[in-house]
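**Q** First the structure, which I've put down as structure tokens, then a few questions once you've had a look.
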């Protein structure tokens with residue numbers, strides 16, 4: 001199932017049980033997968049038009065009256081465009097608003113560089129009090145949605161819209177502020193978020209063939225990052241690789257390095273190298289951005305060689 005369909009189904013469950021759950025979109029309900037909710041919940045759905053800044057302000061106001069708004073748009077417009085409203089009207093005012101940015105990083109594909117936000121985590125991570133969550137697959141997203149609903153505060157959800165490879169098994173237990181150990185290893189710690197998690201697990205197989213045994217940790221909550229898990233794993237293996245569908249500046253790599261700032265542990269990054277996006281399909285974009293399985297494996301070997 002597409003991630004946006006899972007997101008919409010989870011929203012429907014929340015809206016049925018709580019009339020205070022409302023959804024605001026910037027004329028992108030079809031793109032976000034929530035168009036069908038307008039028929040089921042006409043009094044809880046609001047099309048704000050292509051006016052994300054206004055949408056964020058309306059959500060802040062609704063929150064002040066006890067509503068629980070979810071606002072959604074393409075990633076650059078749910079972050080860069082509403083940065084001031086997110087900072088002041090929502091986070092500074094301690095409003096309970098969930099901000100959903102769809103098609104993060106290269107997943108914007110044919111919409112190209114204008115819709116391909118490589119810096120959204122950096123933008124939102126700099127706002128005090130902002131929680132940042134990026135699901136890997138539909139199992140994790142289903143498990144996370146009720147937890148996020150019960151969290152009283154502002155959360156930025158970085159949502160891949162399409163189908164993803166399944167990483168987690170049914171019965172998975174989600175903890176918002178605890179990273180997930182996917183593979184234990186001894187030679188290098190790989191911290192990965194979002195859509196590149198499955199690619200990372202494939203890269204680990206290539207590394208094992210060369211006698212390199214990697215520990216893989218999914219960092220689904222990038223802010224606040226699980227410092228304890230990051231530090232313990234890095235000290236155990238002595239080498240670090242971060243993998244993300246985001247600029248290497250300001251995102252997961254920066255968050256991990258902040259934890260390891262006083263540790264003498266080599267760290268290498270796989271991510272977008274401080275550039276804008278371009279038009280293309282995901283396989284092509286992975287190649288030009290250096291995000292393929294082979295790129296991940298090669299970067300891991302470089303990190304191990306630095307020990």
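The values are calculated or read from the model by the stated rules, or taken from the named source; none is laboratory data. Everything numeric here is computed off the predicted structure, so don't read it as measured data. Cβ sites come from the backbone with ideal geometry, for glycine too, and all protein chains shown count toward neighbours.
**Q** Give segment 214-248 a look and list any residue that's in a loop (DSSP other than H, G, I, E, B) and either assigned by TED's automatic domain parsing to the domain that holds residue 140 or more than 21 Å from residue 155 (Cα to Cα) (or both), or say none.
**A** Correct list: 238, 239, 248.
**Q** Within segment 95-111, which residues are touching a strand residue (DSSP E or B) at 6+ places or on another chain (Cβ under 8 Å) and within 18 Å of residue 162 (Cα to Cα)?
**A** Once the filter is applied, which keeps residues that are touching a strand residue (DSSP E or B) at 6+ places or on another chain (Cβ under 8 Å) and within 18 Å of residue 162 (Cα to Cα), segment 95-111 yields 100, 101, 102, 103, 104, 105, 106, 107, 108, 111.
**Q** Would you mind stating whether residue 192 is crowded, with 23+ Cβ neighbours inside 10 Å, outside the structural domain of residue 63 (by TED's automatic domain parsing), touching a helix residue (DSSP H, G or I) at 6+ places or on another chain (Cβ under 8 Å) and over 14 Å from residue 75 (Cβ atoms)?
**A** Judged against the criteria, residue 192 is a match.
**Q** Pick out the one residue from 267, 261, 299 that is crowded, with 17+ Cβ neighbours inside 10 Å and out of contact with any helix residue (DSSP H, G or I) (no Cβ under 7 Å at 6 or more places or on another chain).
**A** One residue alone meets the criteria, 299.
**Q** Still on this structure, I have one more. Of all residues in segment 142-179, how many are part of a helix (DSSP H, G or I) and either at pLDDT below 95 or in contact with a strand residue (DSSP E or B) (Cβ under 8 Å, 6 or more places away or on another chain) (or both)?
**A** Qualifying residue count, segment 142-179: 3.
**Q** When you look at residue 277, is it at positive phi, in contact (Cβ under 8 Å) with a residue 24 or more places away in the chain, assigned to a loop (DSSP other than H, G, I, E, B) and surrounded by 18 or more Cβ atoms within 10 Å (Cβ to Cβ), yes or no?
**A** So residue 277 fails the test.
**Q** Can you pull out the residues in segment 41-78 that are closer than 16 Å to residue 102 by Cα and buried (at least 18 other Cβ atoms within 10 Å of the Cβ)?
**A** 52, 55, 56, 70, 71, 72, 73, 74, 75, 76, 77, 78
**Q** Separate question: Check residue 31 against each of (1) in contact (Cβ under 8 Å) with a residue 40 or more places away in the chain; (2) surrounded by fewer than 21 Cβ atoms within 10 Å (Cβ to Cβ); (3) not in a helix (DSSP H, G or I) and name the one condition it does not meet.
**A** (3)
Yes or no, residue by residue, for (1) assigned to a helix (DSSP H, G or I); (2) touching a residue at least 60 places away in the same chain (Cβ under 8 Å); (3) outside the structural domain of residue 34 (by TED's automatic domain parsing); (4) surrounded by fewer than 24 Cβ atoms within 10 Å (Cβ to Cβ):
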| site | (1), (2), (3), (4) |
| --- | --- |
| 89 | yes, no, no, yes |
| 109 | yes, yes, no, yes |
| 129 | no, no, no, yes |
| 139 | yes, no, no, yes |
